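No lab work stands behind these numbers, since they all come straight from the coordinates. Owing to the predicted nature of the structure, the values given are computational and were not obtained by experimental measurement. Because the Cβ atoms are built from the backbone with ideal geometry, glycine has one as well, and the counts that use them run over all protein chains shown.
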Amino acid sequence: MIEVSGLRKVYEVKGRKAVVALGGVDLRVREGEIYGVLGQSGAGKSTLLRCVNLLERPTEGTVSVAGRELTTLGERELREARQRIGMIHQHFALLSSRTVAGNVAFPLEVMKVGKAERARRVAELLELVGLADKAKAHPGQLSGGQKQRVGIARALAGNPSVLLSDEATSALDPGTTQSILALLKRLNRELGLTILLITHEMSVVKAICDSVAIMRDGLIEESGTIPELIARP
Ligand code: ADP
Ligand code: ADP
């Protein structure tokens, strides 16, 4: 479902030494899998995730999602392809001036989905994440866990085959973390959603991932299914 090959990303900062954030990464995420990328701060996880939807242009290498090679696409085609790749964020990235429903409706407006269909779809998505009663609330009135549920509903608006998660539970307390992880697992099972998540917490990987890659200094040190990694000496 996601194939990353020979991925390098070098950040050139004026007057400073270039930073090799990714030094040649290969990654293969199967359809329907929850794949975790685990590593400490600065390992290159966020750069890798942002290269998968081309928010960041790789310096070298290829990225294909759902059978489509993304690095060669033009801006317009890329925007279309990105609608099929949802993303959730550590700090939720919600629009504070819009209601919960308005936040979930936003990508549908960008996709020019008509008003009636939009309302139907927003209601369905809020139901899916357990927030049907919060449609009219503003993000400032919600708990962290509720905000992340809005983020998840918004990410699913375009009916993506892939969800990218950027430290989605790092800002949440342990109990709320468990409930968000349980929601991601349920979406993975019920919708067949493929999930690529980055985290610095082993507990997140243990809780929901089928496979894991361990990153350090821009490289993948080890990867495999959880049982494979545990079985290794
Ligand atoms: P992680 O998500 O694992 O914390 P990042 O991908 O954010 O790692 O960062 C990897 C390396 O790339 C770090 O050394 C970081 O300082 C550097 N880096 C990340 N983004 C930029 C940027 N926009 N410009 C310059 N350097 C960056
Ligand atoms: P905002 O004030 O945040 O812009 P609106 O109330 O204008 O929010 O609604 C934005 C979108 O959300 C609209 O496209 C509408 O279809 C949808 N929407 C609004 N209220 C609801 C609701 N209670 N249930 C489902 N969808 C809703």
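With the simple spin-label model, which puts each label point 7 Å out from Cα in the Cβ direction, the ILE230 to MET202 separation comes to 1.3 nm.
Select from VAL150, GLN178, LEU164 the residue farthest towards the positive end of the dipole of segment 115-233; place +1 on Cβ of Lys and Arg, -1 on Cβ of Asp and Glu, and compute about the Cα centre. Highest projection toward the positive end goes to VAL150. Note on the chain: GNM, Cα springs under 10 Å; of MET202, MET215, MET87, the largest mean-square fluctuation is that of MET202. Straight-line cross-link partners of LYS9 among the lysines, defined as a Cα under 18 Å from its Cα and at least 8 positions apart when in the same chain: LYS17, LYS45.
Database remark: amide H of HIS89 closer than 5 angstrom to the amide H of ASP166 (H placed geometrically; neighbours at sequence offset of 5 or more, or on other chains; Pro and chain starts carry no H). Segment 20-76 and segment 104-174 have Cα centres spaced 24 Å apart. The label-point distance for ASN159 and THR71, in a model that sets each label 7 Å from Cα toward Cβ, rounds to 3.1 nm. Distance between the 7 Å Cα→Cβ label points at SER64 and ALA93: 2.6 nm. Projected onto its three principal axes, the C-alpha set of segment 1-76 covers 43, 32, 18 Å, listed from the longest axis down. Charge tally around SER143: other residues with Cβ under 13 Å, Lys/Arg +1 each, Asp/Glu -1 each, net +2.
For the chain, calculate the relative contact order in percent as a whole number, restricting contacts to Cα pairs under 8 Å that are 6 or more residues apart. It would help to have the intermediate numbers written out before the result.
On the way: 442 pairs, mean separation 68.9, N = 233.
So the answer I get is 30 percent.
Computed from the alpha carbon positions, the gyration tensor of segment 136-230 leads to an equivalent ellipsoid with semi-axes of 25, 16, 12 Å, biggest first.
Here the chain has an Rg and Dmax of 17.8, 57 Å, counting Cα atoms alone. Listed by chain and number, the lysines whose C-alpha is less than 29 Å from the C-alpha of LYS115, apart from same-chain residues fewer than 8 away, are LYS134, LYS136, LYS147. Each of the peptides 62-74, 38-50, 167-179 was scored by the mean count of other Cβ atoms within 10 Å over its residues; in descending order, highest first, they stand as 38-50, 167-179, 62-74.
Net charge of the neighbourhood of PRO160, taken over other residues with C-beta under 10 Å away and scored Lys/Arg +1, Asp/Glu -1, is +2.
DSSP assigns beta bridges within the chain; of those with both partners inside it, close to 50 percent run antiparallel.
Between beta-carbons, use under 15 Å as the cut-off and find the net charge around LYS206, counting Lys and Arg +1, Asp and Glu -1. Each step should come with its number before you reach the end.
Values: positive: LYS185; negative: GLU201, ASP210, GLU228.
For residues surrounding LYS206, the net value is -2.
For THR176 and ARG8, what does the FRET efficiency come to when R0 = 30 Å and r is the distance between their Cβ atoms, rounded to the nearest 0.05?
With R0 = 30 Å, the Cβ-Cβ based efficiency is 0.25.
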